[in-house]
Amino acid sequence: MEATTLFEKMFQGFENSRRIGSIDLLKGLAIIAVFVLHWAMRFDVDLGLLWILLTPVMYVFMAVMGFNLVNSWKRNSNLKNYFEKKIMRFFPLFFAAFAATAILGILLGIPLQFGLPQLIGYFPVPGVGNYFISIILQTIVLFPLIIVAFRKHPLALGLIFILANFLFVIARGHIPFIDLIYRPFIIRFLAPL
């Protein structure tokens, strides 16, 4: 069957794939929205009402990431295979990006940062969305534990995630230590996961 509309052409070839076109589209839109938000924060651009509409996009992105992880786990729930696949997919790109940011930082005269943040996934050159690599690392490591717990007590785990997320956000404004670890800590994204 020949694709006739732009929408059909966008999703052509997905029939025999494990990919879900609507999820890929949602993830792509979320990525674009995150770039817009980070651009606006970096250059102090007032997005007005658009800011309110785009702010929850990280939760959408995390929900899509959780959906994709569950589908991947359904296809192969072997823990060794899971970690091998994630390590081979994530770390080569991470180390290449880490090296590229360090080289660009040196070339552009930006002071490099090396310390605890870099051990949890931050790049050596500071940036607005730097924390998200750390969130991905935590998700990769914690996901199998979350699946096991969810299978045993789905409602309880869902409520615990929502409560932990809520309390973490509330604590952020009152406990200085929480404010320091807020951005790179997965607790703030447990509810949508």
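The values are calculated or read from the model by the stated rules, or taken from the named source; none is laboratory data. Bear in mind the structure is a predicted one, so any value in this text is a computation, not a measurement. Quick reminder, even Gly has a Cβ in these numbers, built from the backbone with ideal geometry, and neighbours come from all protein chains shown. All accessible areas refer to the heavy atoms of the entire protein, side chains included, with ligands and DNA or RNA removed. Shrake-Rupley method; radii C 1.70, N 1.55, O 1.52, S 1.80 Å.
Here the label points at residue 19 and residue 114, each 7 Å from Cα along the C-beta direction, are separated by 3.8 nm in the simple model.
Taking the accessible area of the range 73-171, probe 1.4 Å, and keeping the other protein chains in place, the carbon and sulfur fraction comes to 77%. A 1.4 Å probe run over the range 58-193, with the rest of the protein chains in place, finds 61 Å² accessible per residue. Sorting the segments 137-143, 81-87, 169-175, 121-127 by their residues' average number of neighbouring beta-carbon atoms within 10 angstrom, most packed first, yields 121-127, 137-143, 81-87, 169-175. When each of the peptides 51-59, 107-115 is scored by how many other beta carbons lie within 10 Å of its residues on average, the order from highest to lowest is 51-59, 107-115. A full extension of the chain between residue 76 and residue 26 corresponds to an added length of 15.6 nm, given 0.36 nm per residue minus the alpha carbon distance. With the Cα gyration tensor of the range 39-193 giving a ≥ b ≥ c as the square roots of its eigenvalues, does the rule (a/c under 1.5 for rounded; else a/b larger than b/c for prolate; else oblate) give rounded, prolate or oblate? In terms of gyration-tensor shape, oblate.
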